[in-house]
1. Taking the Cβ of K40 as the center, what net charge do the other residues with Cβ under 15 Å away carry, scoring Lys and Arg +1 and Asp and Glu -1?
2. Given a Förster radius of 25 Å and the C-beta distance between S13 and C42 as r, what FRET efficiency does 1/(1 + (r/R0)^6) yield to the nearest 0.05?
3. Using a 1.4 Å probe on the protein heavy atoms, what percent of the accessible area of segment 11-62 belongs to carbon and sulfur?
4. In nm, what is the difference between 0.36 nm times the number of residues separating R53 and F3 and their Cα-Cα distance?
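The values are calculated or read from the model by the stated rules, or taken from the named source; none is laboratory data. Source: prediction; values computed, not measured. As a convention, Cβ positions derive from the backbone with ideal geometry for all residues, glycine included, and neighbour counts pool all protein chains shown. For accessibility, only protein heavy atoms count, side chains too; no ligands or nucleic acids. Shrake-Rupley method; radii C 1.70, N 1.55, O 1.52, S 1.80 Å.
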Amino acid sequence: MKFEVVARRMFDSSSSPGKRYEVIIYSNGEMSCDCPGWTKRCKDGVRTCKHVRDPKVYEGARGFESERN
């Protein structure tokens, strides 16, 4: 089942100046990120990274760029 993209949030890389990573929030509440931490690591069937764990993702949820606009 495909879920609608409801928001996107960009984060600057802390190790590569000028590089940015995108966190996507889906209508079912799940998130994904395009950083190496997200794409290459999966522990116990759970994928995560520091960007989706960043409080800014949750605190600024209403300020995200919406795909519905």
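1. +3
2. Between S13 and C42 the formula returns 0.75.
3. Carbon plus sulfur share of accessible area: 48 percent.
4. Gain on extension, R53 to F3, equals 15.9 nm.
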